[in-house]
Structures are given as C-alpha cells and as structure tokens.
Amino acid sequence: MTVHQLSVFIENKSGTLVKVLQLLKQENIQLIASTIADTADYGICRIICSQPEKAYKVLKEAGVAVSLCEVFAIELDDRPGKAADAIEIFAGEGISIAYLYSFLLNGKGVLIFRTDNAEKAADIISANRLNVIEEKDLSRLL
C-alpha cells in the first residue's frame, strides 16, 4: 500500500542538486515528483521516481547521502477541498502527518505523505476506501 521515496541529503551550494539529477538522467530514471526542504547548510530532496531501488543504488555508489523509505500515495479528484478531506480523516484518528507534498497529474490530485503510524494509516486508508497508488501503478502516472 506504499511507494518508495528517496531522501537525498545535499549541501546548499551550486551544483549539488544537478549532480543528483544528472546521475538519475544517465540511468534513464524518470522523476515523478520531487520536493526540497532546506536548512542553512543542507537540503533534503525527496524524490518519487520510476525505479527507486536502482536510483538508490546509483546514488549510493556515487557517494551521495541517500535513504530509501516507504510513503503513502493517494489519488484524489481534482476538486477544491479534497486534500483537506483526506487529511481530516487521518487527523480525526489521531494520525500525524510528518510531511506531505502534492501535485496534479492527468486530471487527478496526488498526495504523497509519511505518517507517525504507518500501520494505523494503512488501516484507515482501507477503511475509508481511499484510492491508493501502489508502486506497481506508478508507471500509469508517467
């Protein structure tokens, strides 16, 4: 019920992000979504891509600080308030969202998020029949 996300730790200086992107480009790995959160000295680039395990290996071998984790991906109708409705379900059950990013694709909204309790979140997703995007279904987003 989850997808794999890369978290890439990069210095806040010119050229560090392009190195990561060039490595993925050379391996023909397609980015699906990405976001960067920064501090004064470094940033965390979170990436959903077409081949996360391969991307992880490529980046590790190149000496890039990277981790691979599971996050949830939910598809929503592209209508005002649908993201709020989905997050309200989790909040109502006492689930905190550690981080979230979203985008529109092919007329649908997509929420990517990580929670403080993945097992309970999975139960809530099932009970509320939320439309989960599975790892195997990511190719339909491209």
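Only the coordinates and a few stated rules stand behind these numbers; no lab work does. Since this is a predicted model, take the numbers as computed values, not measurements. In this analysis, Cβ positions are derived from the backbone assuming ideal geometry, glycine residues included, and neighbour counts consider all displayed protein chains.
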What order do you get for 18-30, 62-74 when each peptide is scored by the mean count of other beta carbon atoms within 10 Å, highest first? 62-74, 18-30
Cα-based Rg / Dmax (Å) for segment 3-70: 10.9, 31
Could you give the Stokes-Einstein D for segment 48-125 in µm² per second, using the C-alpha Kirkwood radius, 4 °C, 1.567 mPa s? 92 µm²/s
State the percent of C-alpha pairs, over all pairs in the chain, separated by a distance greater than 28 angstrom. 21 percent
Over 30 Å (Cα to Cα) - which of Lys13/Lys120; Lys19/Lys82; Lys13/Lys60; Lys25/Lys120 fall in this group: Lys13/Lys120; Lys19/Lys82; Lys25/Lys120
Quick one: length gained pulling Leu100 to Ser50 fully straight, 0.36 nm per residue minus the C-alpha distance? 16.1 nm
Output ordering of 112-125, 94-107 (per-residue mean of other Cβ within 10 Å, highest first) is 112-125, 94-107
Rounded to the nearest 500 deg cm²/dmol, what is the calculated helix-only ellipticity per residue at 222 nm for the chain, with -39500 (n - 2.57) per DSSP H run of length n ≥ 4? -9000 deg cm²/dmol
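May I ask for the net charge around Lys54, where only other residues with Cβ less than 14 Å from the Cβ of Lys54 are counted and Lys, Arg are +1 while Asp, Glu are -1?
Details: positive: Lys25, Lys57, Lys60; negative: Glu27, Glu53, Glu61, Glu135.
Cβ neighbours under 14 Å give a net charge of -1.
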Net charge near Asp38, counting Lys/Arg +1 and Asp/Glu -1 over other residues with Cβ under 15 Å of its Cβ? 0
Using a cut-off of 12 Å between beta-carbons, work out the net charge of the residues near Ala121 (Lys and Arg +1, Asp and Glu -1, Ala121 not included). -3
